[in-house]
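First comes the structure, then the notes that go with it.
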Amino acid sequence: MVEIVTDWRDLPDRLRGAAVAIGAFDGVHRGHQAVIAQARAAADRLAAPLAVVSFDPHPRRWFQPDAAPFRLMTSGQMARAMAPLGVDRLHLLPFDAAMAAMSDEAFAREVLADGLGVRHAAVGFDFTYGKGRTGSPEGLRRHGEALGFTVTAVDRVDDPDGLKLSSSAVREALKAGDMPRAAAILGRPFALEGQVIHGDKRGRTIGVPTANVPLGDYMRPAYGIYATRTRLPDGRVIDGVANLGVRPMFEIDQPLLEVWLFDFNEDLYGQIVETDLIAFLRGEMAFDSLDALKVQIDKDAAAARRVLAS
């Protein structure tokens with residue numbers, strides 16, 4: 001399990017001295033994984049812990065508070081995605097006014113050297129940091145030489161088939177409903193995690209009870225129907241079919257993920273579940289009646305079962 005640390009000041013010795021990968025890491029996609037692998041190589045060489053340095057909230061949210069939702073994962077999902085990569089700690093640093101005002105030299109000195117005591121830092125080829133984004137990989141290397149840590153920059157990683165490995169490319173795929181492309185970039189299916197809330201329970205009246213999860217700050221994938229797999233808190237994984245969106249027939253103010261879990265009849269209210277969006281089946285539609293809706297839901301469920309079985 002990856003330990004999450006939320007500050008860099010006054011840390012005990014056991015939380016200092018790691019080889020670190022630094023970046024936003026939203027999605028922990030295959031490009032991010034290459035940066036973490038570089039840090040892991042340094043950690044092995046130095047016999048040091050492996051850590052990741054990231055930020056909460058995402059710097060983009062700080063500088064653009066009114067931006068549309070764009071996140072690809074929660075901090076918990078981020079930590080879980082890093083665990084198979086050998087990461088020991090996730091330093092999820094608060095991105096606030098003080099952090100935003102730091103020069104690149106101050107960040108290197110106060111946060112990385114004095115605070116975290118890093119021994120090595122791995123960054124992506126396009127990494128920028130510090131007030132005005134004045135810091136670069138080469139600049140960090142110079143700061144590291146003065147402050148006692150080494151730095152490596154990872155070249156851009158491209159898929160052999162020309163697939164761009166970036167968070168923006170994941171978002172583009174999700175907006176297009178191209179779940180195989182999103183999964184190819186991420187190295188796993190895109191997943192939404194959240195607490196199951198009470199809905200209007202209309203689905204129960206037609207024999208389709210759903211687990212409803214608000215999207216919050218997640219980016220909005222294409223609205224429509226998905227074949228899904230949902231992980232429950234006890235570790236079980238349940239196949240299902242979900243509507244993601246605002247339901248044109250019974251419109252709601254904020255989009256929801258509404259998952260019908262196949263062959264499942266248990267109370268999930270208040271529990272945290274994580275749902276993989278495996279395949280996009282169709283866009284949202286309005287129907288003339290509940291009966292017509294139920295007929296379509298049965299067709300969608302059959303399509304989802306076929307996709308998930310394959």
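Annotations
- Residue list for region 265-296, restricted to those being over 19 Å from Asn212 (Cβ atoms), touching a strand residue (DSSP E or B) at 6+ places or on another chain (Cβ under 7 Å) and either of a type in the set (D, E, K, R) or loosely packed, with under 14 Cβ neighbours inside 10 Å (or both): Arg282, Gly283
- Evaluation of Asp253 against (1) at pLDDT below 95; (2) surrounded by fewer than 21 Cβ atoms within 10 Å (Cβ to Cβ); (3) touching a helix residue (DSSP H, G or I) at 6+ places or on another chain (Cβ under 9 Å) (one fails), failing number: (3)
- Residue satisfying all of: in region 269-290; in contact (Cβ under 8 Å) with a residue 60 or more places away in the chain and among the charged types (D, E, K, R); farthest from Gly224 (Cα to Cα) among these: Glu274
- Scope region 94-105; condition out of contact with any helix residue (DSSP H, G or I) (no Cβ under 7 Å at 6 or more places or on another chain) and either open to solvent by 40 Å² or more (accessible area, probe 1.4 Å) or assigned to a strand (DSSP E or B) (or both); matching residues: Pro94, Asp96, Ala97, Ala98
- Here Gly199 meets the list (1) modelled with pLDDT of 95 or more; (2) more than 16 Å from the chain's Cα centre (by Cα); (3) within 16 Å of Gln271 (Cα to Cα) almost entirely, failing just condition (1).
- Met73 vs. criteria open to solvent by less than 40 Å² (accessible area, probe 1.4 Å), more than 24 Å from Val151 (Cβ to Cβ) and either among the small types (Gly, Ala, Ser) or at pLDDT 95 or above (or both): yes
- Scan of region 1-30 for residues that are under 21 Å from the mean Cα position of the chain (by Cα) and in a strand (DSSP E or B), ordered by number: Glu3, Ile4, Val5, Val20, Ala21, Ile22
- Across region 279-301, the number of residues qualifying as of a type in the set (Asp, Glu) and not in a helix (DSSP H, G or I) comes to 2.
- Test: residue in region 106-128 that is at pLDDT 95 or above, open to solvent by less than 20 Å² (accessible area, probe 1.4 Å) and over 21 Å from Leu46 (Cβ atoms): yes
- Output for region 75-91, where each listed residue is touching a residue at least 60 places away in the same chain (Cβ under 8 Å) and touching a helix residue (DSSP H, G or I) at 6+ places or on another chain (Cβ under 6 Å): Leu90
- Selection count where residues are over 14 Å from Ala122 (Cα atoms) and free of Cβ contacts under 8 Å to residues at least 40 places away in the same chain, scope region 14-50: 2
- Among residues of region 213-229 that are touching a residue at least 24 places away in the same chain (Cβ under 8 Å), those with a Cβ under 7 angstrom from a residue that is aromatic (Phe, Trp, Tyr) and open to solvent by less than 60 Å² (accessible area, probe 1.4 Å), sequence gap 6+ or separate chain, pair up as Met219/Phe70.
- Of all residues in region 53-72, those satisfying the criterion of being hydrophobic (A, V, I, L, M, F, W, C) and in contact (Cβ under 8 Å) with a residue 40 or more places away in the chain are Val53, Phe55, Ala68, Phe70, Leu72.
- Subset of region 206-232 [hydrophobic (A, V, I, L, M, F, W, C), over 11 Å from Ala242 (Cα atoms), more than 16 Å from the chain's Cα centre (by Cα) and in a loop (DSSP other than H, G, I, E, B)]: Ala222, Leu232
- Take the conditions (1) modelled with pLDDT under 95; (2) in a loop (DSSP other than H, G, I, E, B); (3) not charged (D, E, K, R); Val87 misses just one of them, which is (1).
- Elements of type helices (runs of 4 or more DSSP H) in region 106-193, at least 3 residues being without any contact (Cβ under 8 Å) to a residue 12 or more places away in the chain and not polar (S, T, N, Q): 137-147
- Annotation: of all residues in region 22-66 being aromatic (Phe, Trp, Tyr) and at pLDDT below 95, the one that is most open to solvent (accessible area, probe 1.4 Å) is Phe63.
- The residue that is nearest to Phe125 (Cα to Cα), counting only those in region 148-170 that are modelled with pLDDT of 95 or more and open to solvent by 60 Å² or more (accessible area, probe 1.4 Å), is Thr150.
The values are calculated or read from the model by the stated rules, or taken from the named source; none is laboratory data. None of the values given here were measured: they were computed from a predicted structure. Note: ideal-geometry Cβ built from the backbone for every residue, glycine included; neighbour counts use all protein chains shown. Protein only, heavy atoms only, side chains kept; ligands, DNA and RNA dropped before computing areas. Shrake-Rupley method; radii C 1.70, N 1.55, O 1.52, S 1.80 Å.
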